[in-house]
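Here, each number is a calculation from the coordinates, and none is a lab measurement. Everything numeric in this text was worked out from a predicted model, so none of it was measured. Every residue, glycine as well, gets a Cβ built from its backbone with ideal geometry; the counts of neighbours run over all protein chains shown.
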Amino acid sequence: MLVGVKTDFPPFGYIDPAGEIQGFDADLSRYLGRALFEEEPGVELVPVTSGGRIPLLYSELIDVIIATMTITEDRQRVLDFSNPYFVTGSMLLTPKDSSIQSVQDLAGKHVAVLEGAVQQSDLRLIAPEARLIAFKSLPEALQALKNKRVDALCQDDVAVLTAARMNPDLSIAGKHSCQDPMPWRCARATASSWAG
């Protein structure tokens, strides 16, 4: 079984110094392989991005997504989700010297989001005057923030907390700054036609 996991999103998925895929979602994928096939080699981990994971599933290049997939109404129309295995919200990450304290401060500001991530659509609704800049990966978005090409980054709270811990020049702005009216959940998803 080919499982799509992120490799640029610590602690959920990253490449370790030995070149191996590690992280929470990678561990969950391996556990699934042992549960279904009684052995780990039953699962092959395939790197995916937020924007590319659903197209890879529908093109049958992967069988399952275990890659920080938030359940949304639009996604539920085209994907089958498991029960949620992780609940998260979104937060803002800014340079330490930033005046941004909450999502209300984003008007006219350049905000990094990931292509295909729920923060992109959520910020359009809750901060319509923010200037969103979509990046393919979290490392690219973080670099843009460090280089001050963007004023803030909005992403899952665990990713923001991890990035803040690893980058002392960055800080968290407020608490769960970009909240969706529905609970946010990450879940495994399979194409509806495959799951049947």
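Computed from phi, the 3J(HN,Hα) profile of the range 87-96 under the Karplus parametrisation 6.51, -1.76, 1.60 (θ = phi - 60°) reads 10, 9, x, 10, 9, 9, 10, 9, x, 4 Hz, with x in place of Gly and Pro. Of all DSSP-defined beta bridges confined to the chain, some 60% are antiparallel rather than parallel. With respect to the chain, whose longest principal axis is taken over its alpha-carbon atoms, helix 24-37 is tilted by about 10°.
The angle between the Cα long axis of helix 157-166 and the main principal axis of the chain comes to about 70°, on a 0 to 90 degree scale.
In terms of its alpha-carbon gyration tensor, the range 85-156 comes out rounded; the largest-to-smallest axis ratio a/c stays below the 1.5 threshold.
Positive contributions from Lys and Arg (+1) and negative ones from Asp and Glu (-1), summed over other residues with Cβ under 13 Å from the Cβ of Leu114, come out at -2. For the range 41-55, list residues with backbone N below 18 Å from a point placed 7 Å from the Cα of Glu20 toward its Cβ? Zone members listed by number: 41-47. Note: relative contact order over the chain, using C-alpha pairs below 8 Å and six or more positions apart, is 29 percent.
Taking each DSSP H run with n ≥ 4 as -39500 (n - 2.57) and averaging over every residue of the chain yields -8000 deg cm²/dmol at 222 nm. This structure gives Rg/Rh (Cα atoms, Kirkwood Rh), computed directly, and of (1) 1.23; (2) 0.98; (3) 1.06 that value is listed as (2).
Quick check on the range 90-173: of the DSSP beta bridges with both residues there, what percent are antiparallel, nearest 5%? Antiparallel bridges: around 55 percent, rounded to the nearest 5.
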